[in-house]
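One structure coming up, written as C-alpha cells, with questions to follow.
The values are calculated or read from the model by the stated rules, or taken from the named source; none is laboratory data. Quick caveat: nothing in here was measured; it's all calculated off a predicted structure. Methodologically, a virtual Cβ is constructed for each residue, glycine included, from the backbone with ideal geometry; neighbour enumeration extends over all protein chains shown. Ligands, DNA and RNA are stripped out before the accessible areas are found, and what is left, the full protein with its side chains, is counted by its heavy atoms. Shrake-Rupley method; radii C 1.70, N 1.55, O 1.52, S 1.80 Å.
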Amino acid sequence: MKINHAELEAVAVRPAQYPAPDLPEIAFAGRSNVGKSSLLNLLTGRKSLARVSGSPGKTRTINFYRIEDAFRIVDLPGYGYAKVSRSESEKWGKMMESYLEKRPCLLKVIQLVDIRHKPTAQDVQMYEYLKYYDLDGIVVVTKADKVSANERQKNIKLIRETLGMSKEDILLPISSLKRTGQEALLDVMEELVEQYRTSLAQEEE
C-alpha cells in the first residue's frame, strides 16, 4: 500500500469531537519521545502532517487523520513523560481509555517502542492493556538505525520477552531517519483494512 492522500480530520479530547465511526481506524500509541510523529509522516509521505516537536509530551489530544478516504490513522497522546503533572497524566489516561474501550471502528493499536531501550513498566502496562481488549499484536521498534545489526536482534528479542509477545505477534523495526521498514508496516495496515472490509461484506450478505 502507498498513501497518496492524508489529511487531519479531527482533533479531540472527548468522544463528542470524534469523527463519525464510518471508517476503520488504526491507532498508534507510544512513549512521548519514541518518534511517533516522525513515523506517521514517513508512512503518509508528508513532512509535517504530524507535528514533530523538540519537547516530548506535546501531543495532548487524539488526532484523527483521514487516509485515502478509506481508513483513519489515529495518533494517541504520548505517555510516560516525567514532566507532566499527575493530574494531567490521569486526564490523558481517561481520554485514551474512553477511545480504546468504546470506539466501534477501531481495528488495532500499533504500539511504538524505542529499540535502544528495554520497554518500561508503562510500555508493558500498555501492551497488557491492549491485549485485554484484543487490540495488541503489532509493535514497531523505532530508531532502528541507532543500533548495530547484532544489537538489533538482541534488543528485538528483549522487547518481545519483556512485553510478553507471542510468536504470532508482529514486531517491525523501522527507521524514520533512514526511511526504512515502512513498507512492511503499510502492508500490515492494508491487510487489517482488507480484513475489516471482508468482514463487513460477509455481514451484509
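Which whole-number percent of Cα pairs in segment 135-181 have a distance greater than 11 Å?
Every Cα pair in segment 135-181 considered, those over 11 Å come to 68 percent.
DSSP loop (so not H, G, I, E, B), at most 13 other Cβ within 10 Å: list which chymotrypsin sites (Phe, Trp or Tyr not before Pro) in segment 106-204 pass both filters.
Filter output for segment 106-204: Tyr133.
If you don't mind, there's one more thing I want to ask. Counting only helical runs of four or more DSSP H residues, what would the 222 nm mean residue ellipticity of the chain come to if each run contributes -39,500 (n - 2.57) and the total is spread over all its residues?
-12000 deg cm²/dmol
Can you list residues whose amide H is under 5 Å from Lys143's amide H, if they're 5+ apart or on another chain and H is modeled 1.01 Å from N?
Ile174, Ser176
Around Val109, under 11 Å between beta carbons, what's the net of Lys plus Arg minus Asp minus Glu among the other residues? Don't skip to the answer; put the middle values down first.
Values: positive: Arg103, Lys108, Lys131; negative: Glu25, Asp134, Asp136.
Cβ neighbours under 11 Å give a net charge of 0.
What helices does the chain hold that run 15 Å or longer along their axis, going by alpha-carbon atoms, with a Kyte-Doolittle average of -1.0 or more, using DSSP H for the helix calls?
Those that clear 15 Å and a mean of -1.0 are 121-132, 182-204.
Show Val188, Val141 ordered by accessible area, largest first, where the area counts protein heavy atoms only and the probe is 1.4 Å.
If we order Val188, Val141 from most to least accessible, we get Val188, Val141.
Using the crude model of +1 on Lys and Arg Cβ and -1 on Asp and Glu Cβ, and no other charge, please compute the dipole size for the chain relative to its Cα centre, in debye to 20.
1340
Let me ask something else. Under a no-solvent Debye model with one identical scatterer per Cα of the chain, what's log10 I(q)/I(0) at q = 0.09, 0.11, 0.15 Å⁻¹?
Evaluating at q = 0.09, 0.11, 0.15 Å⁻¹ gives log10 I(q)/I(0) of -0.32, -0.49, -0.94.
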